[in-house]
1. Can you pull a Stokes-Einstein diffusion coefficient for segment 3-153 at 37 °C (0.692 mPa s), Rh from Kirkwood over Cα pairs, as a whole number of µm²/s?
2. When Lys and Arg each count +1 and Asp and Glu each count -1, what net charge do the other residues less than 15 Å away from ARG90, Cβ to Cβ, add up to?
3. Helix 3-16 sits at what angle to the longest principal axis of the chain, using alpha carbons and giving 0 to 90 degrees rounded to 10?
4. By how many degrees, between 0 and 90 and to the nearest 10, does the Cα long axis of helix 87-111 differ from the longest principal axis of the chain?
5. One-quarter of the Cα convex hull surface for segment 77-165, in nm²?
6. I'd like the distance separating the alpha-carbon centroids of segment 89-135 and segment 55-73, in whole Å.
7. Choose one answer from GLY58, GLY133, GLY141: the residue with the largest mean-square fluctuation in a GNM of the chain with alpha-carbon springs under 10 Å.
8. Could you work out the local net charge near TYR149, counting Lys and Arg as +1, Asp and Glu as -1, over the other residues with Cβ closer than 10 Å to its Cβ?
Amino acid sequence: MTEQQYYDYFLDVATRHPDLQHTDQKPRFFQMNVEEVISGRGNFRPEDYVLVIDSFEGQLVDYRSDNILDYQHGAFQVLRHSPKDDALLRRQIESKTKQIVFQILAKLLHDRLPENGRLFNLEVSNTKYFKIGPVFDQVYGHRCELTFYESASHNLDYDPSLWYPLE
């Protein structure tokens, strides 16, 4: 999965999910890095549920075989603002954001199957989710961390013509 495919996939999720309904007029899809989300810097106060994705990060894994894997780590958050003094609404937001995270996970699990086009490979056993908040201005929700993978062997073929000869 490329970073553009990752972005496009989650943009489609945000556009088509009934609790998100992202449009250009009502933006509910954003990309931030993890430090921005966890530290809560900036003026971000979504009054509706929003989907925020992290940048894609990578890791090469070699199980001592011919097939080196490119593990691509991504994450998404489903977030919403809650007034500071409304504990009941905050608990409802936490419950609803977990529900939306699981609905997105169900779509990811569906879309990874060969009979559904196998859009990507998803390492399910590395999938983590947890509650976050308050971040930004009393924003709460759930975060889900994912690992996609694909063979990297074809990208790692040594081509001597790319290198200047030793002198």
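Every number here is computed from the coordinates shown, using simple stated rules; none is lab data. Treat the numbers as computed from the prediction; the structure is a model and nothing was measured. Here Cβ is always computed from backbone atoms with ideal geometry, including for glycine, and neighbour counts include all displayed protein chains.
1. On the way: Rh = 16.2 Å.
It diffuses with D of about 202 µm²/s by this estimate.
2. Values: positive: ARG45, ARG80, LYS84, ARG91, LYS96, LYS98, LYS131; negative: GLU47, ASP85, ASP86, GLU94, ASP137.
Net charge around ARG90: +2.
3. That works out to roughly 30 degrees.
4. Between the helix axis and the principal axis of the chain, the angle is about 30 degrees.
5. Numbers: hull surface 37.9 nm².
Computing the convex hull of the Cα atoms and averaging its projections yields 9.5 nm².
6. 22
7. GLY58
8. Values: positive: none; negative: ASP70, GLU123, GLU150.
Summing Lys and Arg as +1 and Asp and Glu as -1 gives -3.
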